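Asker: One structure coming up, written as structure tokens, with questions to follow.
The values are calculated or read from the model by the stated rules, or taken from the named source; none is laboratory data. Everything quoted here is computed from the prediction, not taken from an experiment. FYI the Cβ positions are ideal-geometry reconstructions off the backbone, even for glycines, and counts take in every protein chain you see. Keep in mind that these areas ignore ligands, DNA and RNA; they rest on the heavy atoms of the full protein, side chains included. Shrake-Rupley method; radii C 1.70, N 1.55, O 1.52, S 1.80 Å.
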Amino acid sequence: MNVHEYQAKELLAQYGISVPRGGLATTPEEARAVAESLPGPVWVVKAQIHAGGRGKGGGVKVVKSAAEAVEAAKRILGMTLVTHQTGPAGKLVRRVWIEQGTEIARELYLAVVLDRGAERLAVMASPAGGMDIEEVAAKTPEKIFTTHVEQGRFLWPFQARKLLFGCGLNPKQVGAGVALVQKLVLMAHEKDATLVEINPLALTAEGNLVALDGKINFDDSALKRHPEIAALDDPEETDALERQAVDMGLNYIRLSGNVGTMVNGAGLAMATMDVIKQAGAEPANFLDVGGGASEEMVTKGFEVILSDPNVKAILINIFGGILRCDTLAAGVVAAARKVNLAVPLVVRLEGTNVEEGRRILGESKLAFEVAGSMGEAAAKIAQVVGGAK
Amino acid sequence: MSILVDNDSRVVVQGLTGKEGMFHAEQMMAYGTKVVAGVTPGKGGQECLGLPVFNTVSEAVIATRANTSLIFVPAAMAADAACEASAAGIKVVVVISEHIPVMDMVRAKAFLKERGTHMIGPNCPGIISPGQCKVGIMPGYIHRQGSVGVISRSGTLTYEVVDQLTKAGLGQSTCIGIGGDPIIGLHFVDLLKMFAEDKDTEAVCLIGEIGGDAEEKAASYIKTSRYPKPVFGFVAGLTAPPGKRMGHAGAIISGSKGRASDKIAAMEAAGMHVVKELGKFGQQVARVIAG
């Protein structure tokens, strides 16, 4: 789960990490009130969406008066911000965060991140703050310093010192920085965060370290034990259909094509999307109805897929394992009747009792096309939507 | 022959008395697996499917000489269950449970590593050595005893591949679903090493997906070790968009990392046989093996 910058900053502040004073606004008038409540002479108005690259997209504005803050809020609120992380459709801005400007001497990068390869948390720091860290890693890897958190939540001070001296801080700043890094590691552990990123971390003119931005990813599997974090979820940031699917207990990701897919198992679902593309058509979604797809889940799956107006045909690919194909076929038939399926459907069944399953589909008098293999299924569906190679 | 589980495996099911645990334990016994005990804290002394149920794994190990554990307990308790099995001296721990907090696994993995326990999963279908022993939730009947090793990050996609192999006349030595989570027990490389030493495994299939760099590491190992057996590779998720978790917690392209195209390129560079059309997996393996 991701949170907004303003929520991340509130959490950082709870852990004793300095952040600029600021407030949230959903209207230009609120923006004025926030700006007037903060000492100037400079304020920053920032769009709050779950995506990076907001500055380049016009979602961040430095202003020099409350009146300018109102103008900036007017422009940013309600805009659809397109950045390299939003996809071409962009994201609607519903809130802006207005904060006191910071006099920046230098910008650093600091993050605690789950390192899958090392199977522990890593702390990364770089003197090249405020930039896309992937780009820094690719072009100037010598500017990135990394250390790993040993067993438990412990980080030796020397590990943090090494990073901070590497970033060119002076001994006094390093002292403050060590405490900051340790707070960040503690926070990642306590809140089950897989990423806590401060980019940029400003070294101010007075020599303080201040988090000018914050990005946190929380482990979805751990949200149950952090109700205070789960409450930060902004459902508006998720595609409406995906949200509906989550409520139904389905794994659904919306894509831009027109072939709806319903598959049991995530790996097979991805592979099914891939064969559709190979056959010359485009998948409209990823949908995993679970390894043991039931009639109920298939019905829900149809409902979600058909809520996408782009869908012109549906491919169902089920490998019946312990759940038998005849049970599944009966489920698909019942579900298709229930939802009055009006788009062409290609069904590919394999696994336990497959003959019986195919017979049930064949005798259902529904306009199913039954395919024997994945390749055949994809070719048939591509033909239906007119994209066949 | 096979790796990790065989006729000598004696399985304790942690969470046997739950609905899923009981169902799959019964399926495993029907397959011929030696399931010897169940563990459910608080239900010690009871009987389930004719098996003794214990409060702790240690008691189960002492009473039944169990050496393999299968874990079906709810996600919040699963890491703890894996550590309990390891502390009790279990050699192979198979974790089926899904949605385990990732930091729990970071701690559990370190705990198991210290004790030399092999963990499979979590969030996986388990492991099967066809004709000998099935420790997991996969449909047993699609498998056939033979000499192809299968290692996969997925569940039903593995069944698809195994089914094709069997239909192409190729049996399997051992098939392992290593799990779809960011932190897992045994990786591709660990299992490739075991298959290299298993004299009855003639070829290995690696079924990968987007996210992480397990496929790249496997490819690099195959190249640098001059792996002695043919390895076939497949990667799911060429059409997956970046930044989205595709069902499995670990299946996500982060920035430019974890893309299917990079994994396929690494496999090709390592001289692996990359399968591009999933529907022809079995045929392609059969053709190469036949020479």
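Asker: For a distance above 25 Å, tell me the whole-number percent of Cα pairs in segment A:240-385 that qualify.
Answerer: 15
Asker: Could you work out the local net charge near B:Gly258, counting Lys and Arg as +1, Asp and Glu as -1, over the other residues with Cβ closer than 15 Å to its Cβ?
Answerer: 0
Asker: Next up: Please give me, ordered by residue number, the trypsin sites (Lys or Arg not before Pro) of segment B:1-76 that lie in loop per DSSP and have at most 16 other Cβ atoms within 10 Å.
Answerer: On the way: sites: B:Arg10, B:Lys19, B:Lys34, B:Lys43, B:Arg65; in loops: B:Lys43, B:Arg65.
Passing sites in segment B:1-76 are B:Lys43, B:Arg65.
Asker: Can you check how the C-alpha radius of gyration of the protein assembly as shown compares to 2.2 N^0.38 Å, as a plain ratio?
Answerer: Details: Rg = 26.6 Å, N = 680, 2.2 N^0.38 = 26.2 Å.
Rounded to two decimals, the normalised Rg is 1.01.
Asker: On alpha-carbon atoms, Rg over Rh for segment A:21-101 using Kirkwood Rh?
Answerer: Working: Rg = 11.8 Å, Rh = 12.2 Å.
So for segment A:21-101, dividing Rg by the Kirkwood Rh gives 0.97.
Asker: Shape call for segment B:159-291 from the C-alpha gyration tensor, a ≥ b ≥ c root eigenvalues: rounded (a/c under 1.5), prolate (a/b greater than b/c) or oblate?
Answerer: Prolate, because a/c is 1.5 or more and a/b exceeds b/c.
Asker: Which semi-axis lengths, in whole Å and largest first, follow from the square roots of five times the eigenvalues of the Cα gyration tensor of segment A:153-227?
Answerer: Ellipsoid half-lengths, sorted descending, are 26, 14, 9 Å.
Asker: What is the Cα coordinate range of chain B on the first, second and third principal axes, sorted by size from largest, in whole angstrom?
Answerer: Largest to smallest, the principal-axis extents are 55, 41, 31 Å.
Asker: With runs of 4+ DSSP H residues as the only contributors, calculate the mean residue ellipticity of chain B at 222 nm using -39,500 (n - 2.57) per run, divided by the residue total and rounded to the nearest 500.
Answerer: Mean residue ellipticity, 222 nm, calculated: -10500 deg cm²/dmol.
Asker: So which aspartates and glutamates pass the test for B:Lys43, namely a Cα distance under 15 Å, with those fewer than 8 places away in the same chain ruled out?
Answerer: B:Glu59
Asker: Still on this structure: Within 10 Å of each candidate Cβ there may be at most 14 other Cβ atoms; applying that plus a DSSP loop requirement, which trypsin sites (Lys or Arg not before Pro) in segment A:312-365 survive? Mind showing how you got there, number by number?
Answerer: Values: sites: A:Lys312, A:Arg324, A:Arg337, A:Lys338, A:Arg348, A:Arg358, A:Arg359, A:Lys365; in loops: A:Lys312, A:Arg324, A:Lys365.
For trypsin sites (Lys or Arg not before Pro) across segment A:312-365 that sit outside H, G, I, E and B with at most 14 neighbouring Cβ atoms in 10 Å, the list reads A:Lys365.
Asker: Under a crude label model (7 Å from the Cα following the beta-carbon direction), how far is A:Arg337 from B:Met29 in nanometres?
Answerer: Going by the 7 Å Cα→Cβ label model, 3.8 nm.
Asker: When the gyration tensor of chain A is built from Cα positions, what are the square roots of 5 times its three eigenvalues, in whole Å, from largest to smallest?
Answerer: Semi-axis lengths for chain A are 49, 25, 18 Å.
Asker: Using only the Cα atoms of segment A:249-315, each taken as one equal point scatterer with no solvent, compute I(q) by the Debye sum, divide by I(0), and report log10 of the ratio at q = 0.12, 0.16, 0.19 Å⁻¹.
Answerer: Ignoring solvent entirely, the Cα scatterers give -0.24, -0.44, -0.62.
Asker: Just from the alpha-carbon atoms, what are the Rg and Dmax of segment A:1-145 in angstroms?
Answerer: 16.5, 50
Asker: Using a 1.4 Å probe, what is the accessible area per residue for chain B, in Å²?
Answerer: Solvent-accessible surface per residue comes out at 36 Å².
Asker: Right, something else. Hey, what's the Kirkwood Rh for segment B:111-182 if you take every pair of different alpha carbons, in angstrom?
Answerer: Result for segment B:111-182 stands at 12.4 Å.
Asker: Using the structure shown, list the pairs from B:Lys91/B:Lys229; A:Lys143/B:Lys193; B:Lys109/B:Lys244; A:Lys162/B:Lys223; B:Lys199/B:Lys257 with a Cα-Cα distance above 28 Å, or answer none.
Answerer: A:Lys143/B:Lys193; A:Lys162/B:Lys223; B:Lys199/B:Lys257
Asker: What does a probe at A:Ala118 reach in segment A:145-175, counting residues whose amide N is under 20 Å from the point 7 Å along Cα→Cβ?
Answerer: A:145-169
Asker: Within 12 Å, Cβ to Cβ, of A:Asp247, how many net charges do the neighbouring residues add up to if Lys/Arg are +1 and Asp/Glu are -1?
Answerer: 0
Asker: Could you state the angle between the C-alpha long axis of helix A:325-338 and the longest principal axis of the C-alpha atoms of chain A, as a value from 0 to 90 degrees rounded to the nearest 10?
Answerer: Between helix and principal axis, roughly 80 degrees.
Asker: Would you mind checking the tilt of helix A:295-306 against the longest principal axis of the Cα atoms of chain A, expressed as 0 to 90 degrees and rounded to 10?
Answerer: 70
Asker: Per residue and in cubic angstrom, what volume does the convex hull of the Cα atoms of segment B:166-216 have?
Answerer: So the per-residue hull volume is 96 Å³.
Asker: Antiparallel as a % of all DSSP beta bridges within segment B:138-290, to the nearest 5?
Answerer: On the way: 1 of 19 bridges.
The antiparallel proportion sits near 5 percent.
Asker: For A:Lys61, list the lysines whose Cα falls under 21 Å from its own Cα; do not include residues on the same chain fewer than 8 positions away.
Answerer: Qualifying lysines at Cα under 21 Å: A:Lys9, A:Lys46, A:Lys74, A:Lys91, A:Lys215.
Asker: Can you give the FRET efficiency to the nearest 0.05 for B:Asp213 and A:His148, using r as the Cβ-Cβ distance and R₀ = 25 Å?
Answerer: In this case the efficiency is close to 0.95.
Asker: In sequence order, what are the phi-derived ³J(HN,Hα) couplings for segment A:350-358 according to the Karplus relation 6.51 cos²θ - 1.76 cosθ + 1.60 with θ = phi - 60°, rounded to whole Hz, with x for glycine and proline?
Answerer: Calculated HN-Hα couplings, in order: 8, x, 3, 6, 5, 4, 4, x, 5 Hz.
Asker: Among the aspartates and glutamates, which fall within straight-line cross-link reach of B:Lys280, defined as a Cα-Cα distance under 16 Å, with same-chain neighbours fewer than 8 residues apart omitted?
Answerer: Excluding near neighbours in sequence, the set is A:Asp274, A:Glu350, A:Glu376, B:Glu160, B:Asp163.
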